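One structure is given here, and the rest of the page talks about it.
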Protein chains: 2
Amino acid sequence: MKRDSRLSGVLHVLLHMAEIDGPATSESLADMMQTNPVVIRRILAGLRNQGLVRSEKGHGGGWRLAKDLESVTLYDIHIALGSPGVLALGHRTEAPGCLIEQAVNNAMGEAFNAAEALLLARFREITLASLSRDFHQRMQVCTGSDHTS
Amino acid sequence: MKRDSRLSGVLHVLLHMAEIDGPATSESLADMMQTNPVVIRRILAGLRNQGLVRSEKGHGGGWRLAKDLESVTLYDIHIALGSPGVLALGHRTEAPGCLIEQAVNNAMGEAFNAAEALLLARFREITLASLSRDFHQRMQVCTGSDHTS
DNA sequence: TTTCATGTAACTTACAGTATTACATGAATT
DNA sequence: AATTCATGTAATACTGTAAGTTACATGAAA
């Protein structure tokens, strides 16, 4: 199953932005991410609607964080990305008439809900600040390392 | 994100097989599932390799359960399907050089592992027998209902 | 020998994330 | 005012995977 890596990607972008003084252009962020500027804009546009980042056009323009690192959790970003489904497994038929399938959906659904709830609960506990702290710790261990990608 | 419904589908098939006296052809199962016989064969072939079902060719041939309903869990079937990934979310880069991405992967990875472990633990607790019992209970409530699809 | 059913390769379809191109919009520089 | 830089966004193509389909080979029972 192909996986959705937008959350992973946008976290990478946001933390790079946190390390930069001043705005970052979608082109420079795309270089770091080894992807296309339009992909960056598309993803960050969603975050802007949730007030997580700001953008400015023209000379000296680009993207900035709009909130304190402490106040943003992975869950907030997940929501800003449109709350994509977190599970790769699903029901064959969502509202089956077959009683067998109803029993199957019911049992699997409980397991799915528990796993999804756990994952989202974990996401709520992880802030951008905690990721940034972890990054700076890795920098200290690996002295002289280049962090710009 | 498109979801993998093979586990859901195969459970449906296996429980129908449990209700049938004698072998079931892939064509009859495909009718119940409103899908193609080849899809059924493809999925059941994996289960046969794990000893969960048996197949016979020719007249009077078809598919049979090879194990007791009590002894087969959703986890066993999940494995027989090739242990597909259960999460729709993933890392952008699996082994990043960037320290920021390493911090991101580490934090997200822990949450992913916890959620996946919980889901698989739940799967280990659900047997075909428990699903069958749930089905027969639904039959009793819904008297006269047709369960063949 | 015919019929029935599995076994399997090859191909097509459907879908969503990702990537790319092209051009419009708007702000700062000159 | 013209140029340059950067975002905004539509349109399109690429990619990987589950699912569906076609075609034919294999083997067992009638």
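Could you run the Debye sum over the Cα atoms of the range A:6-141, one equal point scatterer each and no solvent, and tell me log10 of I(q)/I(0) at q = 0.11, 0.15 Å⁻¹, two decimals?
Log10 of I(q)/I(0), two decimals: -0.51, -0.79.
I'd like the distance between the alpha-carbon centres of the range B:1-46 and the range B:74-149, rounded to an integer number of Å.
Going from one Cα centre to the other spans 19 Å.
Determine the shape class of the range A:66-149: with a ≥ b ≥ c the square roots of the Cα gyration tensor eigenvalues, call it rounded for a/c under 1.5, and otherwise prolate if a/b is greater than b/c, oblate otherwise.
On the way: a/c = 3.62, a/b = 2.86, b/c = 1.26.
It is prolate, given that a/c is not under 1.5 and a/b is the larger ratio.
With the convex hull built on the Cα atoms of the range B:1-66, state its orientation-averaged projected area in nm². Could the numbers behind the result be given before it?
On the way: hull surface 18.2 nm².
Over all viewing directions, the range B:1-66 projects a mean Cα-hull area of 4.5 nm².
In chain A, which helices (entire DSSP H runs) extend 15 Å or more along their own long axis, judged by Cα positions, while averaging at least -1.0 on the Kyte-Doolittle scale?
Span-like helices in chain A: A:6-19, A:37-49, A:99-125, A:128-141.
Sequence gap at least 6, Cα distance under 8 Å: using those rules, report the relative contact order of the range B:50-149 to the nearest whole percent.
On the way: 61 pairs, mean separation 31.5, N = 100.
Worked out over the range B:50-149, it gives 32 percent.
Nm distances between the label at residue B:133 and the same-position labels in the remaining copies, 7 Å along Cα→Cβ, shortest first?
4.6
Between the label point of residue A:82 and that of the same position in each other copy, find the distances and list them shortest first in nm, with every label point placed 7 Å from Cα along the Cα-to-C-beta direction.
So the distances to the same position in the other copies read 2.7 nm.
Choose one of A:66, A:39, B:135: the residue whose Cα lies farthest towards the positive end of the charge dipole of the protein assembly as shown (beta-carbon charges +1 Lys, Arg; -1 Asp, Glu; about the Cα centre).
Of the options given, the answer is A:39.
Let me know the mean shielding of A:122-128 by other chains, meaning the per-residue number of their Cβ atoms within 10 Å of its Cβ.
Values: counts 8, 5, 0, 2, 5, 1, 0.
Going residue by residue through A:122-128 and averaging, the value is 3.
Pop a pseudo-label 7 angstrom from the Cα along the beta-carbon direction at both residue B:70 and residue A:110 and give the gap in nm to one decimal.
With each label point 7 Å from Cα toward Cβ, the separation is 2.0 nm.
Give me the summed buried accessible area for the A-B pair, 1.4 Å probe, to the nearest 100 Å².
On the way: alone 9850 and 9870 Å², together 14740 Å².
Counting protein atoms only, the buried area is about 5000 Å².
Can you tell me the Rg and Dmax of the protein assembly as shown, counting just the alpha carbons, in angstroms?
In Å, with Rg to one decimal and Dmax whole: 24.1, 78.
What is the magnitude of the charge dipole of the range A:44-140 about its Cα centre, with +1 placed on the Cβ of each Lys and Arg, -1 on the Cβ of each Asp and Glu, and no other charges, expressed in debye to the nearest 20?
Values: 10 positive and 10 negative charges, 104 e Å.
Computed charge dipole of the range A:44-140: roughly 500 debye.
The values are calculated or read from the model by the stated rules, or taken from the named source; none is laboratory data. Bear in mind the structure is a predicted one, so any value in this text is a computation, not a measurement. All Cβ positions, even for glycine, are placed from backbone atoms using ideal geometry, and neighbour counts span all protein chains on display. Ligands, DNA and RNA are excluded from the accessible area calculation, which covers all protein heavy atoms including side chains. Shrake-Rupley method; radii C 1.70, N 1.55, O 1.52, S 1.80 Å.
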